[in-house]
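*Asks:* First the structure, which I've put down as structure tokens, then a few questions once you've had a look.
All of the numbers you see were taken from the coordinates with simple rules; none came from a lab. Keep in mind it's a predicted model, so treat the numbers as computed, not measured. No Cβ is skipped: glycine too gets one built from the backbone with ideal geometry, and neighbour counts run over all protein chains shown.
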Amino acid sequence: MALHHYFFGTDKQRAKFIFDFIAPIYGVLGKAARKGYDQICDKLNRRYALLNYSILDVGTGTGEWLASISKYTDQQSVGTDFSAKMIKQARAAFPDNEFVVNDAEALTKFDDNSFDIVTASYVLHGMKNYDRAIVLKEMKRIAKKFVMIHDFEADTPTVVKVLEFLERSDYVNFKKNFKEEIKILFSETDIVKCPRTANAIYIGIV
Ligand SMILES: C[S@@+](CC[C@H](N)C(=O)[O-])C[C@H]1O[C@@H](n2cnc3c(N)ncnc32)[C@H](O)[C@@H]1O
């Protein structure tokens with residue numbers, strides 16, 4: 001991906017350019033986020049007993065969310081991302097987990113109903129609603145039990161607003177509409193509010 005993709009490319013080319021560009025330092029942010037991820041997953045584990053569930057993490061980045069949500073289980077844990085540079089960092093940081101390069105809109109490497117939980121953290125708010133719907137449908141296809149989306153829900157800190165502006169993400173519409181968007185695909189849904197952050201885990205029950 002080249003710089004012109006940021007200015008003149010499609011939404012996906014721009015996102016890929018940004019994430020490839022920041023991949024070498026993204027793990028530093030990830031390490032800082034890890035404590036918060038652990039606290040959120042502890043709360044999730046109290047409600048959903050994550051023991052014995054296989055997990056696929058879509059848009060895994062450098063793998064921290066996968067490390068936090070999979071620490072309760074000894075079943076297969078796999079992270080996937082369209083940025084080979086992110087996947088390279090994830091493999092180095094978490095050699096015990098498996099990582100695969102794949103676009104979230106066509107997760108062709110994964111069979112129907114092949115993971116108990118399919119999750120994504122801070123991925124879907126970056127996409128426009130039509131792309132989000134495609135990814136959510138792919139996640140549902142692969143999930144046996146739950147789709148779990150960790151993402152923004154309430155107030156967004158100013159620094160994050162600036163980053164989201166640069167990424168030209170869809171976080172404002174995501175916060176407004178996602179609770180309804182997930183209900184289009186799943187007849188049963190749930191929401192777990194994250195401790196100490198304005199985020200939530202939106203859950204679609206398969
Ligand atoms: C904000 S980062 C979040 C990383 C990680 N999930 C976390 O919570 O720390 C978003 C990640 O989603 C990935 N991503 C965005 N769009 C994608 C797509 N269409 N297919 C696969 N990965 C995608 C990016 O490469 C990036 O690693």
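*Asks:* Using amide H atoms built 1.01 Å from N in the peptide plane, name the residues 5+ places from Asn113, or on other chains, whose amide H lies under 5 Å from its own.
*Replies:* Answer set, sorted by chain and number: Ile142, Ala143.
*Asks:* For segment 3-205, what's the relative contact order in percent, using C-alpha pairs closer than 8 Å and at least 6 residues apart? Before the final figure, lay out each step's value.
*Replies:* Details: 356 pairs, mean separation 34.3, N = 203.
The normalised contact order for segment 3-205 reaches 17 percent.
*Asks:* Quick one: compute a quarter of the convex hull surface over the Cα atoms of segment 25-143 and quote it in nm².
*Replies:* Averaging across all directions leaves 6.9 nm² for the Cα convex hull.
*Asks:* Could you pull out the trypsin sites (Lys or Arg not before Pro) across segment 31-80 that fall in loop regions by DSSP (anything but H, G, I, E, B) with no more than 15 other Cβ atoms inside 10 Å?
*Replies:* Here the sparse-neighbourhood loop sites are Lys71.
*Asks:* Kirkwood hydrodynamic radius (Cα pairs, Å) of segment 3-205?
*Replies:* 16.9 Å is the Kirkwood radius here.
*Asks:* Hand me the trypsin sites (Lys or Arg not before Pro) from segment 160-189 located in a DSSP loop with no more than 14 other Cβ atoms within 10 Å, in residue order please. Provide the component values of the computation, followed by the final result.
*Replies:* Values: sites: Lys161, Arg168, Lys175, Lys176, Lys179, Lys183; in loops: Arg168.
Passing sites in segment 160-189 are Arg168.
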